[in-house]
1. If you take the residues of the stretch B:5-26 that are among the hydroxyl-bearing types (Ser, Thr, Tyr) and surrounded by 14 or more Cβ atoms within 10 Å (Cβ to Cβ), which of them is nearest to B:ALA270 (Cα to Cα)?
2. Which one of the conditions (1) among the small types (Gly, Ala, Ser); (2) at pLDDT 95 or above; (3) not assigned by TED's automatic domain parsing to the domain that holds A:ASN154 does A:SER79 fail to meet, given that it meets all the rest?
3. For B:GLN354, work out the one condition from (1) touching a residue at least 40 places away in the same chain (Cβ under 8 Å); (2) outside the structural domain of B:CYS124 (by TED's automatic domain parsing); (3) of a type outside the set (Lys, Arg) it doesn't fulfil.
4. What is the number of the single condition among (1) surrounded by fewer than 16 Cβ atoms within 10 Å (Cβ to Cβ); (2) more than 12 Å from every other protein chain (Cβ to nearest Cβ) that A:ILE212 does not meet?
5. Search the stretch B:41-71 for residues being free of Cβ contacts under 8 Å to residues at least 40 places away in the same chain and within 14 Å of chain A (Cβ to nearest Cβ), and hand back the single one that is surrounded by the most Cβ atoms within 10 Å (Cβ to Cβ).
6. Contact list please: Cβ distance under 8 Å, first residue in the stretch A:200-211 and under 21 Å from A:ASN252 (Cβ atoms) and of a type in the set (Ser, Thr, Tyr), second residue outside any strand (DSSP E or B) and modelled with pLDDT of 95 or more, pairs at least six apart or on different chains.
7. Could you check A:ILE159 against (1) buried (at least 17 other Cβ atoms within 10 Å of the Cβ); (2) within 14 Å of chain B (Cβ to nearest Cβ); (3) part of a loop (DSSP other than H, G, I, E, B) and say which number it fails?
8. Checking B:ILE32 against (1) within 14 Å of chain A (Cβ to nearest Cβ); (2) modelled with pLDDT under 95, which test does it fail?
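The values are calculated or read from the model by the stated rules, or taken from the named source; none is laboratory data. Keep in mind it's a predicted model, so treat the numbers as computed, not measured. FYI the Cβ positions are ideal-geometry reconstructions off the backbone, even for glycines, and counts take in every protein chain you see.
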Amino acid sequence: MIRLTALLTLLSTTAVADEIWVTNEKDDTVSVISTDTLEVIKTYETGERPRGIIFSKDYSRVYICASDSNAVQVMDPNSGEILHELPSGDDPEQFVLHPNDRHLYIANEDDAITTVVDTETRKVIAQIDVGVEPEGMAVSPDGKIAITTSETTNMAHWIDTETQELFANTLVDSRPRHAEFVKEGTEMWVSSEIGGTLTVFDTATQTEKAKISFEVQGVHPDRVQPVGFEFAAGDTHAFVALGPSNHIAVVNAETYEIEDYILVGRRVWHMDFNADRSMLFTTNGVSGDVTVIDVASRKAIKSIKVGRFPWGAAFRPTGS
Amino acid sequence: MATASFADTTLSIGYLRVEQPVPPTLSNLDPIPNDNGLAGAQTGLADNLTTGKFLGHAYEMTVADVAEGEDALAAARTLLATSRYLVIDANADDLLAIADLDEAQGALLFNTSAGNLDLRDGACRANVLHTLASDAMRTDALAQVLVQKRWNDLVMIFGTHAADISYAAAMRRSLTKFGLSLEGEKEWAFDADMRRNASQEVPLFTQDFGDYDALIIADEVHDFGRYVLYNTWQARPVVGSEGLTAVGWSPVIEQWGAAQLQSRFEEEHARDMTAQDYAAWAAVRTLGEALTRTNAIDPETLRTYILSDEFELAGFKGRPLTFRDWNGQLRQPIAVAHPRALVAQAPLEGFLHQTNELDSLGLDRPESKCEAFQ
């Protein structure tokens with residue numbers, strides 16, 4: 001306890017009071033956590049069943065997938081006011097913002113479609129047929145490729161953002177949930193929840209480069225289910241949420257070996273880091289809280305109660 | 001371009017429904033949907049088609065309906081002439097007769113409607129896989145909940161239809177397996193209309209059970225069971241075919257992405273998805289998954305793949321679904337639910353198994369007398 005207090009004091013003297021925004025799927029709210037005090041400082045109402053959450057490049061807007069309202073809501077993060085809604089197609093779940101800061105690529109879970117929306121004109125500019133239950137979304141750092149993973153079709157669909165057409169479809173293990181480009185976009189990683197694996201693709205050739213499996217002591221392999229994941233500074237390590245096994249795996253991104261498992265809350269789902277990536281915040285759906293992990297020591301240092309079924313997490317610096 | 005605009009490979013599925021007489025029930029509140037099962041197969045087919053278009057795989061399904069008194073075997077022969085894969089909605093006797101046809105040898109049949117234990121036991125067939133949970137899997141699931149709640153002393157009322165008797169037998173087996181005791185049994189032999197007098201008859205009927213922890217209803221045709229709840233002499237929970245039930249699928253399942261399957265199904269068919277719909281969906285998706293992963297359409301290759309460790313189906317139940325290679329039964333978690341919510345999902349924590357906890361439900365390898373899979 002003394003060590004914890006010391007650490008918290010240290011954090012509060014060095015860190016800026018930045019924020020982690022968490023969507024609460026079954027409360028229709030977002031909780032705003034201060035990375036300084038590690039407490040919920042604000043709660044804002046959203047549309048129905050908020051899941052994906054993402055900030056504009058300058059952090060002046062926050063986009064929220066209100067899945068059951070069939071809209072992407074645009075919120076002013078300073079006031080919590082919903083400014084307007086964007087057309088999103090039915091049941092938007094996850095999305096990514098293109099590096100051009102303008103185009104949102106949205107997975108429409110019920111419709112087997114990826115919708116591309118222009119956030120300035122507020123118009124749909126393309127709808128792309130993908131597999132059944134699209135979910136994971138990623139876009140390459142150079143903006144040329146967008147990825148949709150489809151949960152029942154078990155594929156990563158590669159979209160050419162110039163033509164908004166598919167140029168490759170690659171099979172992965174069952175129920176792919178999340179995708180990320182890493183190492184300047186040279187690799188693309190996909191997690192498969194039911195398959196229990198992470199697949200690493202070589203971006204240039206869209207071929208499988210490695211497959212990573214997990215093993216948590218005392219947990220049946222069927223219940224070790226990788227979902228969300230994020231990369232530490234410099235893309236050296238991946239932190240992978242393992243769903244109902246209630247652990248985060250730390251994967252060495254060079255050797256693809258697992259170095260650690262960190263016990264967190266129940267059904268850990270998505271996550272985001274603070275500014276210098278020294279702390280990781282994971283959403284734990286079933287326990288209704290957020291676990292704060294000290295990245296250097298790979299230890300959970302605090303649980304923060306949020307709303308019911310926290311889902312997405314996004315970092316926001318508050319500047320000054 | 002990996003997106004094929006035409007299909008290189010087409011997998012043909014036959015859906016065979018042999019209509020069975022539906023016994024009269026006291027209440028008409030819950031009619032059985034006309035497309036029970038078939039609707040699930042259609043949703044599975046749509047899922048397969050979406051996936052297949054990225055791989056150059058197509059699927060087609062021919063539906064054959066056999067009315068009561070018509071020749072099921074002739075219909076099966078006709079389907080088997082064009083498809084080596086049948087999804088079957090029939091009773092156990094018809095299913096076995098179809099499986100034993102010369103034309104069915106080397107084909108792959110999916111049982112989606114018969115929960116009978118012997119089909120997974122001594123009467124198993126090498127060309128039949130079961131995506132419907134067996135009665136024993138369901139009663140084992142319920143027994144695990146009874147153990148966990150320490151509802152150890154049980155009594156049972158059973159109906160007289162074949163399905164009721166089969167369910168009651170499975171229940172007795174499960175109670176023995178999990179060390180629970182059945183202190184009394186009564187057969188339901190009323191011929192009166194219970195909607196008028198359940199509140200008068202049921203208390204007296206249940207009075208001589210004495211004390212117990214829970215009352216089991218074996219009423220798989222849903223005739224009288226609904227009138228027992230809240231009418232028992234003792235204030236005790238009702239489980240089994242009514243009240244707290246163990247089912248392969250239920251509209252109240254929403255976790256594990258199930259809400260997506262439910263809403264997709266509702267949109268297509270304008271009703272809730274039943275356990276039989278789910279079994280038919282799982283059968284068609286099993287074929288889709290096997291073709292996707294092997295790029296083959298011959299039954300030999302697909303059967304081998306489906307029964308191997310490589311195969312897994314994401315079935316919206318929180319764990320990968322696989323097939324038991326000793327009797328062709330789809331391993332799956334079982335929902336224990338009431339009509340408004342999920343109460344538990346078996347296998348429950350603490351019911352351990354040396355290889356797979358899912359095998360604590362139904363006939364395990366050492367128990368099964370099935371030899372056709374060896």
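1. The residue in question is B:TYR15.
2. Among (1) among the small types (Gly, Ala, Ser); (2) at pLDDT 95 or above; (3) not assigned by TED's automatic domain parsing to the domain that holds A:ASN154, the lone unmet condition for A:SER79 is (3).
3. (1)
4. With respect to (1) surrounded by fewer than 16 Cβ atoms within 10 Å (Cβ to Cβ); (2) more than 12 Å from every other protein chain (Cβ to nearest Cβ), A:ILE212 is out only on (1).
5. The qualifying residue surrounded by the most Cβ atoms within 10 Å (Cβ to Cβ) is B:THR50.
6. Once the first residue is under 21 Å from A:ASN252 (Cβ atoms) and of a type in the set (Ser, Thr, Tyr) and sits in the stretch A:200-211, its partners that are outside any strand (DSSP E or B) and modelled with pLDDT of 95 or more give A:THR203/A:SER140; A:THR203/A:GLY185; A:THR203/A:THR186.
7. (3)
8. (1)
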